Amino acid sequence: MPSSLPSSSSSDSLDSGINAAKLEAANRYVRWNLLFLLVIFIFLLFPIWMPLIPYVNQATNVVIVMIIGLFQLIWLVTTICAIRRTLAINSRNKLNTTKAQDVESAGATANDYSTIRHIVAMTLYKEPMSVLQTTLDSLVQQKDAKSRLSVIIGMECRTPDKEAVRKEIYANYESEFFRLIVTFHPSGIPGEISGKCSNMNYACRQGLQILRQDVDYNYEKYEHIFTNCDCDAVFDPEYMLELETEYSKLEFADRHSSIWQSIIIYKRDSMPFFVDITGVLRTFFFMGVLIPWNINPMSHYSLSVKLLEEGAFTHPAYQMEDIIALIRYTIITQREIRIRPLNLISINGPTSGANYVDEIREWALQVRRWTIGAGEVFHYFIVKTYRMPGLYLSISWATRFFIYYGLVLCASAIFSVFCPIIVQLINMVAAKPDRLFISDSLFSTICFIFLGTQYAFLLIVTVLVRWSLPVPDDSNNNYDKGLRGITKGLLHWILMLPTILAYSFVEFYSFFELAFRGKDVCKHNAASKNNLIIVKGAGDS
């Protein structure tokens, strides 16, 4: 049984953290995420200052309609991309309905890809063993798990009862995988932020070192595909097989310039409406924005070990290893990295709380984590822009990143809903100028039309994610196509816009918090998993 590593860090695992500490020490408050906030703030202030400035106020209605129209266009493009991805997923699902064909194909695939081995890494801190077991059980179901799949579990030295947890993991799962490695990440390394990034960085470096030193493993003989996941992930039983198929279709250079992302559903046995709606929207944005716009992977994703090592693993001084992954690997390797879709469904656990108030708190904290992480990634990108492989790629990625994290998730809902109301209130107390092209009455009509089209887009989101994706084993009727599921889905559809508004306000507050507190707020306080019961995927026992 491979033993866990001692609580000392080798020099190569410290380099990136120490370098990060030197870079960040000079400036903890004046950071480029301030620019991110400034542009959002300018957008949101339009309805306040424009109606009060002579001559400029004549164009107020036109400018606001154009901006809301731009947001609607973004939703249209996103919806088209999501529909295309849904059709691709369902097409693949139909092709796999004949079991005889599946068996024959699987056998052929095993022979073709016998030189490929898989490494899956996850981190564990205070999460319940039941949550980790659900993830490991889904990996046990992968084809040839005992002969080609190795698992690395990175624990913290601060993990309560870590030795007992390690022994339980080995006792239950050592015989289920080709190799099982547990590492203990030491605390207090200079330049690191405690959390998944630093833990994963340490676990990957040490885990690969162990595999290379294992003579019986014969590491250099095989190609390796690495999958980074959370400890609450549930993989499709054919995940590794599908990943191998897509990996092997590419030429050598493309294999090592790609990140593969499955479509992730966020669900558990019981969810408040705002947690459920947030999960539905995240799945929609996976299909409509993150993958086709090539912004960043999320939650769990796969890449070659060659790219992982060339990209210096994960950045131990940042908190969101998934949001920073693509742009960091692009900068370090000096080549464009592409996100490629895996047309299958994976499941991740959403936020969870002990009671309704706790549910709200955990939900808001998770939104805050994502937002602060996005702001920090934007700062990282600006600082490293000079190292990007091409000016066009820099401008293109920055634009896409800002549109999604700055406008779609933060500013668009607040602007679209409150801007027309504020303008009408100001017009009631201020002198009304002659309007250019769009009168006040026509402005109100157009705004109501935009509200209707927004709900139309949200209805499409509901239909696509809840009732069009092949989601397995939905015991809580969140994705049920029967009367109860449709009724619940339509009720949550009505509550979507209020939920998006609440999400946007939390984001806006988080950007302000990041602006005022600087680097001190950039800590990864892990989400509570104590009340998380994940709905298992198809084929789970």
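The values are calculated or read from the model by the stated rules, or taken from the named source; none is laboratory data. Note that this is a predicted model, so its numbers are computed, not measured. Note: ideal-geometry Cβ built from the backbone for every residue, glycine included; neighbour counts use all protein chains shown. Accessible surface areas use protein heavy atoms only, side chains included; no ligands, DNA or RNA. Shrake-Rupley method; radii C 1.70, N 1.55, O 1.52, S 1.80 Å.
Carbon-plus-sulfur accessible fraction, the range 115-364 (probe radius 1.4 Å, protein heavy atoms only): 49%. Per residue, the range 220-262 exposes 33 Å² of accessible surface when a 1.4 Å probe is rolled over the protein heavy atoms with every protein chain present. Measuring r between the beta carbons of E513 and V215 and using R0 = 60 Å, the FRET efficiency lands at 0.70.
Take the Cα of T115, step 7 Å toward its Cβ, do the same at Y356, and the gap between the two points is 6.0 nm. Measuring r between the beta carbons of T453 and R158 and using R0 = 35 Å, the FRET efficiency lands at 0.10. Taking amide H atoms as placed 1.01 Å from N in the peptide plane, the amide H of V151 lies under 5 Å from those of V120, R179, L180, I181, each 5 or more residues away in sequence or on another chain.
In the chain, the DSSP beta bridges split such that about 25 percent are antiparallel, to the nearest 5.
Solvent-accessible surface of protein heavy atoms, probed at 1.4 angstrom with all chains present, puts S468, S262 in the order S468, S262, largest first. The largest accessible area among Y125, Y356, Y202 belongs to the first residue in Y356, Y125, Y202, and the rest follow in falling order (1.4 Å probe, all chains).
Among the helices of the chain, those built from whole DSSP H runs whose Cα atoms reach 27 Å or more along their own axis and whose mean Kyte-Doolittle hydropathy is at least -1.0 are 60-95, 356-384, 440-462, 496-517. Probing with 1.4 Å while keeping every protein chain in the model, the per residue accessible area of the range 330-450 equals 43 Å².
What FRET efficiency comes out for N90 versus D269 if R0 is 30 angstrom and r is the Cβ-Cβ distance? Round to the nearest 0.05. Result of the calculation: an efficiency of 0.70. Here each label is just a point 7 Å from Cα along the line to Cβ, and for E251 and L483 those points are 5.9 nm apart. Of all DSSP bridge pairs formed entirely within the range 115-364, close to 20 percent run antiparallel. Over all other residues within a Cβ to Cβ distance under 12 Å of M287, the charged ones net out to +3, with Lys and Arg as +1 and Asp and Glu as -1. F401: accessible area at probe 1.4 Å, nearest 10 Å²? The value for F401 is about 0 Å².
When the Kirkwood radius is taken over all Cα pairs of the range 324-477, what Stokes-Einstein diffusion coefficient follows at 10 °C and 1.306 mPa s, in µm²/s? Result for D is 79 µm²/s.
Sorting F418, F381, F437 by solvent-accessible area of protein heavy atoms yields F437, F418, F381, largest first, with a 1.4 Å probe. Charge dipole of the range 221-312 (Cα centre as origin; +1 on each Lys and Arg Cβ, -1 on each Asp and Glu Cβ, all else neutral): 180 debye, rounded to the nearest 20. Both numbers refer to the Cα atoms of the range 115-364; Rg and Dmax are 17.5, 53 Å. By accessible area, using a 1.4 Å probe on protein heavy atoms only, the range 27-92 has 79% of its surface on carbon and sulfur. Label-to-label distance for I80 and R338 is 2.0 nm, based on points extended 7 Å past Cα in the beta-carbon direction.
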